[in-house]
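This report concerns only the one structure given below.
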Amino acid sequence: MLRRLALLLLCLPSLAIPALAQGPTAEWQAYEEALARGTRHAELWQLGWSGVYAGSLVLNAWQASEASDDEDRFDARVGVVKSTLALGGLLLGRQPHPAAYRQLQQGERDIERARRLLQAVAEEERRRRSWQARLGSLAVNTAAGLVIGVGDDRPEDGVLNFATGLLVSELELRTQPGQALAAVNRFQPTRLSLGDLYLEGEVALLVGPHRLGVALRY
């Protein structure tokens, strides 16, 4: 059975007694706020990057037929493929935060369910930042660079296209929401001893508008 003890250092001493009972509530609010911020971030991220790739697709499609230079038209056709793949990836692989936040709002305030939900979102955030998540971008940009550098006999332009594509993909990856990971990582393993009594649990720093404290759960 999970128990909690909140040790709070308050800026306003008169608030000390009611604040001691806010361990589970404070934890729930922290998780709820993390998913709410993640949802807002995810929506802005989705809208922003969709606009970037959609704009790139339109521009490349126009240049593929209207550019005066043969090399520019060739590069634009490659750009059309890359922008289409990137836009499709965004539309198919949406961020998990909005769905998780809606699920959190349903039903009773079950702190264990909230933890499991936040852990699942945090795992997805980790997966989206892992080196495996970069393999798709690496493959697409390598293929594009080879098509230009080898297929069109312009190695310098191929290298530039490859490097630019990887840079944009890395920016997309690094600007993804990470609020769930931050919320989960607030609690760190700890081991406390009180004489012959040993407690193993987790500790987190709680920061509020009028208080600063430490929460222990064991």
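Laboratory data are not the source of any read-out in this text; all were calculated from the coordinates shown. Predicted model, so just to flag it, every value in this text is computed and none were measured. Note that we place each Cβ from the backbone using ideal geometry, even for glycine, and neighbour counts take in every protein chain shown.
Observations
- Criterion violated by Asp70 - all others in (1) acidic (Asp, Glu); (2) without any contact (Cβ under 8 Å) to a residue 60 or more places away in the chain; (3) within 17 Å of Thr164 (Cα to Cα) satisfied: (3)
- Looking at Leu135, Leu173, just one residue is free of Cβ contacts under 8 Å to residues at least 12 places away in the same chain, loosely packed, with under 15 Cβ neighbours inside 10 Å and part of a helix (DSSP H, G or I), and that residue is Leu135.
- All positions within segment 49-83 that are of a type in the set (S, T, N, Q) and closer than 19 Å to Leu171 by Cβ: Ser50, Ser56, Asn60, Ser83
- The single condition among (1) surrounded by 13 or more Cβ atoms within 10 Å (Cβ to Cβ); (2) in a loop (DSSP other than H, G, I, E, B); (3) not hydrophobic (A, V, I, L, M, F, W, C) that Asn141 does not satisfy is (2).
- Members of segment 24-48 found to be in contact (Cβ under 8 Å) with a residue 24 or more places away in the chain and either among the β-branched types (Val, Ile, Thr) or more than 30 Å from Val168 (Cα to Cα) (or both), listed by number: Pro24, Ala26, Glu27, Trp28, Ala30, Tyr31, Glu32, Thr39
- The residues of segment 59-94 that are within 15 Å of Val147 (Cβ to Cβ) and aromatic (Phe, Trp, Tyr) amount to a single one, Phe74.
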